Amino acid sequence: MSSDPVLLRHLKGHRSRVTGISFNPDGGRFVSGSTDNTAIVWNVNEQVRCMRFEAHTDVVNDISWSPDGRIVASASKDRTVKIWVPSLMGNCDEFRAHTSNIRSVDFDSKGKKLITASDDKSIKLWKVSRKHFVSSFTGHTNWVRCARFSPDDKLIASCGDDRTLKLFDPHSGQCVHSFLDQKGAGNKVAWHPDGTLVAIALDNARVKIFDIKIRKLIQYYRIFAGSINSLDFHPSGNYLITGSDDGAVKIIDLLEGRHIYTLTGHTGPVTAVKFSANGQVFATGSEDRHIMLWKVNFNGESSENSLYSSECSDLQQNKSHPRLTMPASKKLSYEDSQGTDEDEDVRFGNNKENHPDTSILVDARKTDNFHVTDVHEEIVIRLCQKPHVRCLSESCLNPSTGGKGYDSSKHSTNFEKHVIRKMGLIESAVSSLERRVSLLEDVVLNRS
């Protein structure tokens, strides 16, 4: 169907599990983090060029592109947060944020502050420009796996292994409310674009959505066969995407209260999912080391709920969204809100009688446009941890088949010409980088 999600690109570059994905504001690029200690900046419209960031000495757990598009923050098991500029490709600041593994990092809506969450059971607020510590948020009694600013920056939502979802006031530092789950620990939290709802991905294969104004559970999905590792709201507020240990990506229609797509193709647990800010594409990452870039396309599902209808366009411009409610036929019992296993048939995503065909299966491995893009060429950024920043760049040429029907004997000459041309471009880029590094060193020396 034309309204089904379509695989645009299948990207290979990481050498280990993908841990996080974040798009820049215009949706033209995105960055991914991995347990191979690196981050890679990908260009949505180009198939082979990328930049690899290799400054961390341990696993990169989370990554966030600032709302103004200027900088990227990466959080690592090496207990540092690094702030770097993809366009400059040589400017990196770092600070030691916690006494233990840092699980998540997130910018506020203006890109001037960020929050970090750690295995030391704390959440910390920082000013980006000066790497200045502002305040600490305590209350979790176990590892904090994720913390996110609300769209209006008035609240911080966090989850962790203590099986709570907490809301903090960033100004007072106080915990204003805690949602307790009796059976599942939280892996990730995500805010609805209107800022009134927060969703949590649980390790007991559930997704819950809470209304923070009335402080109640309003939607609950048990449609998965494994721990939910990541989730994200579409910018329209009408859809939710999830990735789980069962290797599937599921897309949920929040207005109807049911999942509408199951996307397969990854050969391992799906560990990262993210919509672009314009809502036109989304990316998924996995333990299989691969990233898949998809075109949304399900705006044709229905005219009244179309993501790109004029009505939705007006809603996005006015920063308002359709109010999510619970259909009368799906009222949750007290046991549902507490996370027990009774009365499963009344829960969202489990009512097969009303929706016998709740999901359309889209297998990336069987689509006509399925292809694999290797990292043929990349600019590798290695930043030494000194007061001044040095940058070494090198080319990494690794030809691949590039998809179906590739004849190496027929295309070898063209490929050699392509390599020579690209090597010239890389040499030019290296020269430019060396000049920039020299200028940066002069500035640092003058300041010192």
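The values are calculated or read from the model by the stated rules, or taken from the named source; none is laboratory data. From a predicted model like this one, the values you see are computed outputs, not experimental measurements. All Cβ positions, glycine included, derive from the backbone under ideal geometry; neighbour counts span all protein chains shown. Note: accessible area is taken over every heavy atom of the protein model, side chains too, but ligands, DNA and RNA are not part of it. Shrake-Rupley method; radii C 1.70, N 1.55, O 1.52, S 1.80 Å.
Considering the convex hull of the alpha carbon atoms of segment 178-227, report its projected area averaged over all viewing directions, in nm², one decimal.
For the Cα atoms of segment 178-227, the hull's average projected area reads 3.5 nm².
Report in % the part of the accessible area of segment 1-132 that belongs to carbon and sulfur, leaving out ligands and nucleic acids; probe 1.4 Å.
42 percent
For an R0 of 35 angstrom, estimate the FRET efficiency from the Cβ-Cβ distance between residue 132 and residue 225 and round to the nearest 0.05.
Values: r = 45 Å, r/R0 = 1.27.
According to the calculation, E is roughly 0.20.
Using the C-alpha atoms of segment 1-159, what convex hull volume per residue, in cubic angstrom, is computed?
That works out to 134 Å³ per residue.
Take the residue pairs 77/113; 82/216; 127/183; 113/166 and return only those whose Cα atoms are more than 29 Å apart.
On the way: 77/113 21 Å; 82/216 37 Å; 127/183 36 Å; 113/166 20 Å.
From 77/113; 82/216; 127/183; 113/166, over 29 Å: 82/216; 127/183.
Grab the alpha carbons of segment 102-151, take their convex hull, and tell me the volume per residue in Å³.
65 Å³
Only sites in a loop by DSSP and with at most 13 other Cβ atoms within 10 Å count here; which trypsin sites (Lys or Arg not before Pro) in segment 107-150 make the cut?
110, 130
Quick check: from the Cα gyration tensor, does segment 160-251 come out rounded (a/c under 1.5), prolate or oblate?
It comes out oblate by the Cα gyration axes.
So, in Å, what gap is there between the alpha-carbon centers of segment 146-163 and segment 220-254?
Computed from Cα coordinates, the inter-centre distance equals 18 Å.
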